[in-house]
1. State whether the residues of the stretch 43-58 include one that is assigned to a helix (DSSP H, G or I), within 21 Å of residue 386 (Cα to Cα) and touching a helix residue (DSSP H, G or I) at 6+ places or on another chain (Cβ under 9 Å).
2. Among the residues of the stretch 358-379, write down those that are within 16 Å of the ligand (Cβ to nearest atom) and more than 17 Å from residue 335 (Cα to Cα).
3. Would it be correct to say that residue 220 is in contact with an Asp or Glu (Cβ under 8 Å, 6 or more places away or on another chain) and either outside any helix (DSSP H, G or I) or under 24 Å from residue 124 (Cα atoms) (or both)?
4. Can you find a residue that is within 16 Å of the ligand (Cβ to nearest atom) and in contact with a helix residue (DSSP H, G or I) (Cβ under 6 Å, 6 or more places away or on another chain) anywhere in the stretch 431-447?
5. Hey, which of the helices (runs of 4 or more DSSP H) in the stretch 267-377, taking only ones fully inside, have at least 2 residues that are farther than 30 Å from residue 20 by Cα and open to solvent by 40 Å² or more (accessible area, probe 1.4 Å)?
6. Does residue 139 satisfy the criteria of being open to solvent by less than 10 Å² (accessible area, probe 1.4 Å), within 23 Å of residue 401 (Cα to Cα), within 20 Å of the chain's Cα centre (by Cα) and of a type in the set (Val, Ile, Thr)?
7. Yes or no: the stretch 172-189 includes at least one residue that is in a helix (DSSP H, G or I) and either open to solvent by less than 10 Å² (accessible area, probe 1.4 Å) or among the hydroxyl-bearing types (Ser, Thr, Tyr) (or both).
8. Please verify whether the stretch 181-195 includes one or more residues that are more than 17 Å from residue 154 (Cα to Cα), more than 13 Å from the chain's Cα centre (by Cα) and either without any contact (Cβ under 8 Å) to a residue 40 or more places away in the chain or within 15 Å of the ligand (Cβ to nearest atom) (or both).
Amino acid sequence: MTRTLIEPFKIKTVEPLHFTTKAERTSHLDAAFLNPFLLRSEHVLIDLLTDSGTTAMSSKQWGVIMDADEAYAGSKSFFRFENQVRLLTGFTHIIPTHQGRAAEKILFSLVGGEGKIVPNNTHFDTTRANVEYSGAKAVDLLYDESKRTDHSAPFKGNLNVEALEELIKTEGVAAIPIVMITVTNNSGGGQPVSMANIKAVREICTKYGIPLFIDACRFAENSMFIKMREQGYENRTVLSIAQEMFLLADGCTMSAKKDGMVNTGGFIAMNNSDLAERARTILIVTEGFPTYGGLARRDLEAIAVGLEEVVNEDYLKYRLRTVEYFGEQLRTFGVPFIEPPGGHAIYLDAKKFATHIPPEQFPGQSIACAIYIEGGVRSVEIGSLMFGKSDEHGRHVAPEHELVRLAIPRRVYTQSHIDYCIEVIADVYEKRSQLQGMKLTYQAPYLRHFTAKLEYLS
Ligand code: F0G
């Protein structure tokens, strides 16, 4: 019996990697103000900044791109896209957008606003930003044990249903326009949400008459976790699990740049016709006509095929195994990360990795910089730089966790690339006492991590 789970594809087109020396990387990172977002990608060897829009498309996707109908209105490519999204989600109204945050912007312009509160297991940064930009408050509701990075459980993305009901009772139904569940929970470690949990949230939503929306970016990875980990789902197809999940919701936002297996695109979908009508009105003003929503029609074709390919179980087995293998190997070096490994990424626990750097000195950013210098691997801080705030006295208010995310693009890297990343991280971990704290020299008012500039303290 063979034991190696191989990449379930062969390679037809290749793109060369760019090798650099440590001295070159040090100067590139200085020029980028110690912010990997500001690096040129040609100076990056293995890019684990994000799994978003970095997918390698299949030959079938490139094929349908040529076949696309670029009509402004009523394009046949739109109807192919709509059919595929409807098959998957069952929602009545399907509205394309140029990416996930455009769907979020439309949704929260409609349901958000001053005095409103939006609960979610954990808002992703753009989701939180769109909720807050509308004037509403974003509340994250996870179970306490899920917040512990060393606690291993099958469904650490579950929304805390008791806390949700408590919030509805104390704030009142009128204050809560929708409840959201993010699958998988990206900011919480790429951890899945169980079907039982989605059902429990649905019950509360039905009881109080509040619509439930799914942030569906990684619905296929979440569905595969359900198949592998939740009793009663082991013999179900991933597609039918995903369909069951969407059936429990009233709508969803989707960044197709993840489990849509494309380089750009997204959608918002829902059953409520009145809400959809208002969403289309905003869409026309900000994104485009409802049969393209800011995308080329060829993008819609690629999404339609991507949504078909992503529920392939050989692919999903390899996908989840890659991240699990990454984690297993890091564990042997004692590197601390969120357990268990998530669906799309490994999240290093920077508080345990760099115990000598306090949150206000951005330990995660310091680790991300060291990983780049060591081996040209780009990662992203998810901690005080991304989510930290200042209180009224200008004191730093740290988020719960200081993390460094290493996100794996879909179908892009092979096992030897992952082995290389493991060596780089293990080397940085061995030299962790040399990591230095940092301070900000520039920050923007929203989503500051994208453009922040930093320098070392000493
Ligand atoms: N929701 C979640 C859970 C996400 O992970 C993202 C994007 C979005 C919404 C927004 O989608 O980028 O298409 O506008 N996450 C990327 C990441 C950026 O790196 O995790 P978008």
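1. Filtering the stretch 43-58 for residues assigned to a helix (DSSP H, G or I) gives 43.
Okay, now just the ones that are also within 21 Å of residue 386 (Cα to Cα), so none.
For the stretch 43-58, residues assigned to a helix (DSSP H, G or I), within 21 Å of residue 386 (Cα to Cα) and touching a helix residue (DSSP H, G or I) at 6+ places or on another chain (Cβ under 9 Å): absent.
2. 378
3. So residue 220 passes the test.
4. So far as the stretch 431-447 goes, yes, one or more of its residues are within 16 Å of the ligand (Cβ to nearest atom) and in contact with a helix residue (DSSP H, G or I) (Cβ under 6 Å, 6 or more places away or on another chain).
5. 273-286, 297-309, 313-332
6. no
7. The answer is no; no qualifying residue exists.
8. First, the residues of the stretch 181-195 that are more than 17 Å from residue 154 (Cα to Cα): none.
No, the stretch 181-195 has no match at all.
The values are calculated or read from the model by the stated rules, or taken from the named source; none is laboratory data. What you see is a predicted model; the values in this text were computed from it and never measured. Counting neighbours? That spans all protein chains shown, and the Cβs are built from the backbone with ideal geometry, glycine included. The protein model used for the area step is the full one, side chains on, heavy atoms only, and it has no ligands, DNA or RNA in it. Shrake-Rupley method; radii C 1.70, N 1.55, O 1.52, S 1.80 Å.
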